[in-house]
Structure formats: structure tokens, C-alpha cells
1. At 7 Å along the Cα-to-beta-carbon direction for both Lys61 and Phe4, put a label point, then send me their distance in nm to one decimal.
2. Can you tell me the orientation of helix 44-58 relative to the chain, as the angle in degrees between its alpha-carbon axis and the longest Cα principal axis, to the nearest 10?
3. Find out how many positive minus negative residues lie around Arg52, taking Lys and Arg as positive, Asp and Glu as negative, among other residues whose Cβ is under 15 Å from that of Arg52.
4. Just to confirm the filter: which trypsin sites (Lys or Arg not before Pro) across region 51-87 are DSSP coil and have at most 12 other Cβ within 10 angstrom of their Cβ?
5. What FRET efficiency comes out for Phe41 versus Lys82 if R0 is 30 angstrom and r is the Cβ-Cβ distance? Round to the nearest 0.05.
6. Taking every pair of alpha-carbon atoms in the chain, what share in percent sits in each 5 Å bin, from 0 to the bin with the longest distance?
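Read-outs throughout are calculated quantities, based only on the coordinates presented, and are distinct from any laboratory measurement. These numbers were taken from a predicted model, which means no experiment stands behind them. FYI the Cβ positions are ideal-geometry reconstructions off the backbone, even for glycines, and counts take in every protein chain you see.
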Amino acid sequence: MSNFVKVHDPRGYPPKVVGKRLAPRLESLDGKIIYLVDCLFDNSDAFMEQLRLWFAAHLPKVVTRKISPRESWVDDPGMRAKIAAEGNAAILGVGL
């Protein structure tokens, strides 16, 4: 009997990832719209709500809007377009 276990990943081969520059930092968040994106992972909705409450208590001039994609693990171009058109920044929540 071998002391090694062979594990196969059922998702296949990962796609090639191309690095991109980060978005420029905003000078201030006052008056800005920050989208809190619930990525539909376990507990991410609770995390986004806690983050919304933190912003309300500590940075009341920041406007927060919670949003979720239509499906987990699937790109939602409509959601991305809405954030790009109306928001100044987004925070992605992946839960615990």
C-alpha cells in the first residue's frame, strides 16, 4: 500500500490568467457610490450586510448599494455594466 494519495480535480484545467493593473485609488469616498457585491457564497450576504452597517456608522457620506449576480460562478454582464455605469467602486464579498 502506498503512502501517497492521488487527487484529481473534476473542474479540469484552469484558464490562463493575464494580470491587469489595479484601478486608481479614489481620493475620498465621500459622496461616492460603493457597490457591495454578494457573490452568492455561503454567508456572503451576512458579510455584505455587516459591511453596509460599518459604512453607515463610520463613513455616513458614502452611499452603499448591495447587489448580487443572477447565478453563482457565472459572469453577469448586466450587473457589471450597472456597477460601471452607476458606481465609483465595488467590494466583492465571498463569505466565510
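1. 6.0 nm
2. The angle comes out near 30 degrees.
3. Result for the local shell: +1.
4. Lys61, Arg70
5. 0.90
6. For the chain, the pair-distance distribution reads 2, 11, 16, 17, 19, 12, 7, 5, 4, 3, 2, 1, 0.
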